[in-house]
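Asker: My questions all concern the structure below.
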Amino acid sequence: RYRRGAFLADTGLCLVVQRQTERVADCISELAPMFARAFEEMGQFREKLVLSPDYARYVAANDAGLLVLTTLRRDGVLIGYLTCTISPGLHHSRNRIAVMDIMNIDREARGRGYIFRMMLFLETELRERGADLLICHYAAHKPLGFDRVLARMGFSSTEMNMAKWIGI
């Protein structure tokens with residue numbers, strides 16, 4: 001595992017909370033149930049989409065330096081994660097663009113400022129990896145306060161994403 005980041009004291013329970021980047025291959029067994037809970041809670045089109053993460057692609061992209069997994073652990077237990085892809089832009093090939101793929105934090109850990117601190121850590125990590133721009137996505141129908149965190153960090157609204165099911 002890649003160990004980086006600061007330790008945070010959880011004010012209510014005096015637990016050690018750590019943020020770091022980790023290898024996807026080392027975390028699949030912990031990520032899988034979290035992906036399922038996030039999909040159940042926030043996934044749009046749940047009645048039609050099938051949750052089937054392509055872990056081989058996640059691992060390959062992570063090992064190639066094209067995907068960053070940032071984790072949040074409380075006393076060693078995974079309580080949150082955020083993944084970002086990072087690569088040269090198609091229209092801006094001289095710039096490395098980081099795009100947040102997915103973010104979630106356990107319900108019990110929400111509202112404690114962990115997402116804000118994890119995002120600060122992620123910014124530093126991406127800068128060290130040469131990223132110039134960070135684009136974040138979140139579920140508009142359930143932002144879970146992420147919209148306020150991003151605004152507080154100086155992010156601005158740049159594009160609108162809309163979705164429509166066109167499959168059978």
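Asker: Being at pLDDT below 90 and small (Gly, Ala, Ser) is the filter; apply it to segment 1-40 and report the residue that is nearest to Ile105 (Cα to Cα).
Answerer: Ala38
Asker: Name the residue that is nearest to Ala140 (Cα to Cα), counting only residues in segment 80-120 that are hydrophobic (A, V, I, L, M, F, W, C), in a strand (DSSP E or B) and open to solvent by less than 10 Å² (accessible area, probe 1.4 Å). Before you say what the answer is, go through the steps one by one.
Answerer: Initially, segment 80-120 is screened for residues hydrophobic (A, V, I, L, M, F, W, C), giving 82, 84, 86, 90, 97-100, 102-103, 105, 109, 115-116, 118-120.
Then keep just the ones that are in a strand (DSSP E or B); that gives 82, 84, 86, 97-100, 102-103, 105.
When the remaining residues are screened for being open to solvent by less than 10 Å² (accessible area, probe 1.4 Å), the result is 82, 84, 86, 98, 100, 105.
Working: Leu82: 17, Cys84: 18, Ile86: 23, Ala98: 20, Met100: 14, Ile105: 16 Å.
The extreme case among them is Met100.
Asker: Please list, ordered by first then second residue, the pairs with beta carbon atoms under 7 Å, 6 or more apart or interchain, first in segment 74-92 and free of Cβ contacts under 8 Å to residues at least 60 places away in the same chain and under 18 Å from Asp63 (Cβ atoms), second open to solvent by 70 Å² or more (accessible area, probe 1.4 Å) and charged (D, E, K, R).
Answerer: Filtered contacts from segment 74-92: Thr83/Asp101; Cys84/Asp101; Thr85/Asp101; Ile86/Arg96; Ile86/Arg129; Ser87/Arg96.
Asker: Return the residues of segment 20-40 that are open to solvent by 30 Å² or more (accessible area, probe 1.4 Å) and small (Gly, Ala, Ser); say none if nothing qualifies. Break it down stepwise before answering.
Answerer: Looking only at segment 20-40, we keep the residues that are open to solvent by 30 Å² or more (accessible area, probe 1.4 Å), and these are 23, 25-26, 28-30, 32-33, 36-37, 39-40.
Scanning segment 20-40 gives Ala25, Ser29, Ala32, Ala36.
Results for (1) within 26 Å of Gly43 (Cα to Cα); (2) touching a Leu at 6+ places or on another chain (Cβ under 6 Å); (3) loosely packed, with under 12 Cβ neighbours inside 10 Å; (4) at pLDDT below 90, shown as yes or no for each residue.
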position	(1), (2), (3), (4)
Glu125	no, no, no, no
Glu128	no, no, yes, no
Ala131	no, no, no, no
Ala139	yes, no, no, yes
Asp147	yes, no, no, yes
Gly154	no, no, yes, no
Thr158	yes, no, yes, yes
Ala163	yes, no, yes, yes
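Asker: Pairs, please: C-beta under 9 Å, at least 6 apart or cross-chain, first residue under 19 Å from Ile105 (Cα atoms) and open to solvent by less than 80 Å² (accessible area, probe 1.4 Å) and in segment 41-69, second of a type in the set (D, E, K, R) and part of a loop (DSSP other than H, G, I, E, B)?
Answerer: These pairs meet every condition: Glu41/Lys142; Met42/Lys142; Val68/Arg129; Leu69/Glu22; Leu69/Arg23.
Asker: Next question. Exactly one of these conditions fails for Pro143: (1) assigned to a loop (DSSP other than H, G, I, E, B); (2) open to solvent by 30 Å² or more (accessible area, probe 1.4 Å); (3) farther than 23 Å from Met34 by Cα. Give me its number.
Answerer: Failing condition for Pro143: (3).
Asker: List pairs: first residue in segment 97-109 and more than 27 Å from Asp132 (Cβ to Cβ), second residue small (Gly, Ala, Ser) and buried (at least 16 other Cβ atoms within 10 Å of the Cβ) anywhere in the structure, Cβ distance under 9 angstrom, at least six positions apart or on different chains.
Answerer: Here the result reads Asp106/Gly80; Ala109/Gly80, each pair linking segment 97-109 to a residue that is small (Gly, Ala, Ser) and buried (at least 16 other Cβ atoms within 10 Å of the Cβ).
The values are calculated or read from the model by the stated rules, or taken from the named source; none is laboratory data. As the structure is a computational prediction, the values presented were derived from the model and not from experiment. Cβ sites come from the backbone with ideal geometry, for glycine too, and all protein chains shown count toward neighbours. Each accessible area value is taken on the protein alone, full model and side chains, heavy atoms only, with ligands, DNA and RNA left out. Shrake-Rupley method; radii C 1.70, N 1.55, O 1.52, S 1.80 Å.
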